[in-house]
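A short worksheet on the structure shown next.
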Amino acid sequence: MAFTINGQSTASDGALHASGQITYEDVAAYMDSTRYLDLSGASRQARPALPFARGSYWMEPVRPDVHVTGCDLEYLNEERVVGCYRPSLFVGMLTAGEHTGFVGGRSIASQRIGVPTLLGVGREVEITSGQRRGQICRMSGFHIGADFLRSLAEDGSAGSAGLGRLLDGGFAFYEIEHSVALRILLGQLADNPYSGALGQIYAESRILSALIELEGLLHDANERAIPALSRAHRSHAEQARLLLDARLADPPSVPELARTIGLNETDLRRSFKAAFGTTIIDYLRDRRLEVARVLVRRRELPVATIAYRVGFASPANFATAYRRRFGRPPSQDF
């Protein structure tokens, strides 16, 4: 099975390589065939064929029910897409930007660069996208179907029993910050030095090693599961985010935000943190920097003008925050 996206053919049969301007229709049929995600019947806003991102997205089979995947995207709009997430395990690592969304009404937002993330779903649940215009997401990892994990458990293979029980629990989300080994394995998987059959063997060995590492970690994991959000509290968090995005240079205070939405400050802070994995203050800072980075790359305004436009007190403060966030000064992106 080979797929062509935006006129570019995939590198090999059974793999999806999407690049350029990407729509959900580009990836829906392939996703359905992998049995991880179903976007084919997703409910969308009008004109769903419009590109939702530019950059690249890929998914390559290692064996049935085991796929290497990753993306390097800049989102073009805030269109919400609702689909189904099927019983499976995803292990990945963010290398730039952030990832946002909801699975079964629970936030899976992450802004922690270089921290491995595990998402396990033991039953089919709803998934909702949560990207913003200008948001960057660069991530790599692997998907494993529930059938493959359970087959390992049945024959007593290492690295399977705990993970199988994790799926039996219905839903689990962990940020695994203390495993250097897992971080290295995911990095090696993303930078596979081989191609063809040898590349496939290399990828499989990294994935199986990661499963064994995870099996040991799950016995005494202290990572927290992300709490579920009610529909009302999720709506309040979304409203707060929209208000902040509309007034980046002169944002409302948290008390003003709470009064506008009709929620007390404590509940607003908790709902926002649960929905997006960050505090309101940290979100505002990072969102300003994301918008600034887009403006810097367009080269239409001086860096100093951009700094004031997104609400920084001085170009020097802006340059410092930019370097901390992206690892380079704005002059290198200009």
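On the accessible surface of the chain, probed at 1.4 Å, how many percent belong to carbon and sulfur atoms?
51
Ellipsoid fit via the Cα gyration tensor, the chain: semi-axes of 33, 24, 20 Å, each the root of five times an eigenvalue, largest first. The GluC sites (Glu not before Pro) of segment 256-328 meeting both criteria, a DSSP state outside H, G, I, E and B (loop) and at most 13 other C-beta atoms within 10 angstrom of the site's C-beta, are 300. If one takes the longest principal axis of the Cα atoms in the chain, at what angle in degrees, from 0 to 90 and to the nearest 10, does the Cα axis of helix 24-34 lie? Long axis of 24-34 versus the principal axis of the chain: about 30 degrees. Between segment 301-321 and segment 264-294, what is the separation of their alpha carbon centroids in Å? Going from one Cα centre to the other spans 20 Å. Let me know the shape class of segment 101-144, please: from the alpha-carbon gyration tensor, a ≥ b ≥ c as square roots of the eigenvalues, rounded when a/c is under 1.5, otherwise prolate if a/b is greater than b/c, or oblate. It is oblate, given that a/c is not under 1.5 and a/b is not larger than b/c. Ordering 53-59, 20-26, 84-90 by mean Cβ neighbour count within 10 Å, with the highest value first, yields 84-90, 53-59, 20-26. Between segment 76-111 and segment 127-153, what is the separation of their alpha carbon centroids in Å? Centre-to-centre (Cα) distance: 7 Å. Residues within the reach of a label modelled at residue 308 (point 7 angstrom out along Cα to beta-carbon, backbone nitrogen below 15 Å), restricted to segment 241-261, are 249-250. Simple rule: put +1 on each Lys or Arg Cβ and -1 on each Asp or Glu Cβ in the chain, find the dipole, and look at 318, 91, 146; the Cα lying farthest toward the positive end is 318. Mean-square fluctuations from a GNM of the chain, with a 10 angstrom spring cutoff on Cα atoms, peak among 274, 246, 18 at 246.
The values are calculated or read from the model by the stated rules, or taken from the named source; none is laboratory data. Given the structure is predicted, the values throughout are model-derived calculations rather than measurements. Cβ: placed from backbone, ideal geometry, glycine included. Neighbour counts: every protein chain shown. These accessible areas exclude ligands, DNA and RNA; they are computed on the full protein's heavy atoms, side chains included. Shrake-Rupley method; radii C 1.70, N 1.55, O 1.52, S 1.80 Å.
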